[in-house]
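Let me begin by presenting the structure, written as structure tokens, before commenting on it.
Every number here is computed from the coordinates shown, using simple stated rules; none is lab data. Note that the coordinates shown come from a computational prediction; the quantities given were computed from them, not determined experimentally. FYI the Cβ positions are ideal-geometry reconstructions off the backbone, even for glycines, and counts take in every protein chain you see.
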Amino acid sequence: MGRLNLNAQIEQWPLKSPFRITGHIWEELQVLLVTLERDGQIGRGEAAGVYYRKDVPAAMLRHLELVRSKVESGITREGLQKLLPAGGARNALDCALWDLEAQASGRPVWQIAGLEKPEPLLTTFTCSADAPEAMAATAQAYREARAIKLKLTGEHLDGERVRVVRAACPDVWLGVDGNQGFTRDSLEKLLPTLIEARVALIEQPFPIGAEALLDELDSPIAIAADESVQSLADIADLVDRVQVINIKLDKCGGLTEGFAMARAARGAGLECMVGNMIGTSLAMAPACVLGQLCKYVDLDGPVFLKSDRATSVRYASGFITCPERLWGSPRAAPAPALA
């Protein structure tokens, strides 16, 4: 395979406005950018990590430095699964390896993975938790959106948040995300409002470790696990508790594990969702490939940024499209070797 040159650096991307979910507010995005070079060909990967596991870019960078020699000796995607645990560091490296393989083989990632050529994906657009009127204004500002996701917090305002957004956007697909903020009682009290508002999906209502609260929950609305499903090993315990699993590459540690999760979930009778931890278009590109196996898509991360990569995904009529030159396809000319 030959030696690899590894470059890893932390980037800062300011947000347009603060983004709030249960227990956390972002004003700026930090990501780890990984670049792998071999024989003048370059593969790239980006990761934001998993904030609630303290998997942040600074920690991810330290993890990479500890394994630098093993990576640069010529690691494979299969070897990477054993070298690093699930998380942002492995995600950035894994995606860079997929991209590099596309350059070296002359075949796009979707073809290497045995998939059909990717199609544009209908994606949700997210309203962070805020005053009801502010969330309605945000939802209306997504003029071409066909699907909206509302961040809820378990607060008494949640019902009004849902009602005013539905009134403002009567025809869109509507989902809600509790980000672990609900109790069994608070969710059951909110359910009539969600049903009346034609909410189609409830994502991660209960905290990690409280999955038993889902047992015998009488909800006509599908439930999706997010924080409760980090990797392939978590899927078995969620069968018969949820109907959907949300796969995020930062959580599971890359596209390699993401593919394995999607196939295992579908084999167990579960639907799949592909999500993101907010990121630039470089993070959305591999997720768009995984999204070809998913019923639900939540890849709106770049819309919250003040700026994006020079080559970026495109949003039109509620769909996300990833240009081939961004990631995962042979580029017209080799990029220059790293210094």
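One table, with the values for the structure above:
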read-out: Extension gain (nm, one decimal) between residue 156 and residue 236, 0.36 nm per residue minus Cα-Cα; value: 25.5 nm
read-out: Dipole magnitude of the range 103-193, debye to nearest 20 (Cβ charges: Lys/Arg +1, Asp/Glu -1, about Cα centre); value: 240
read-out: Burial order of peptide ranges 36-47, 138-149 (average beta-carbon count within 10 Å, highest first); value: 36-47, 138-149
read-out: Helix-derived mean residue ellipticity, 222 nm - over the chain, DSSP H n ≥ 4, -39500 (n - 2.57), to 500; value: -9500 deg cm²/dmol
read-out: Positive dipole terminus of the range 227-292, leading residue within 256, 236, 269 (C-beta point charges); value: 256
read-out: Between helix 255-267 and the chain: long-axis angle, C-alpha atoms, 0 to 90°, nearest 10; value: 50
read-out: Ranked by how many other beta carbons lie within 10 Å on average, peptides 153-159, 74-80 from highest; value: 153-159, 74-80
read-out: Three semi-axes of the equivalent ellipsoid, the range 5-107, Cα gyration tensor, whole Å, largest first; value: 27, 15, 11
read-out: Inter-part distance where the range 113-187 and the range 285-314 are each reduced to a Cα centre, Å; value: 17
read-out: Zero-based 20 Å bins, Cα pair distances in the chain, whole percents; value: 32, 57, 10, 0
read-out: Cross-link pairs 16/251; 251/295; 151/248 - those with Cα-Cα distance over 23 Å; value: 16/251
read-out: Packing-based order for 204-217, 90-103, 267-280, using average beta carbon neighbours within 10 Å, highest first; value: 90-103, 267-280, 204-217
read-out: Net +/- balance of residues flanking residue 331 in space, Cβ distance below 10 Å, scoring K and R +1, D and E -1; value: -1
read-out: Inter-site label distance for residue 184 and residue 3 at 7 Å from Cα along Cβ, in nm; value: 6.0
read-out: Three-way shape label, the range 121-321, alpha-carbon gyration tensor, a/c 1.5; value: oblate
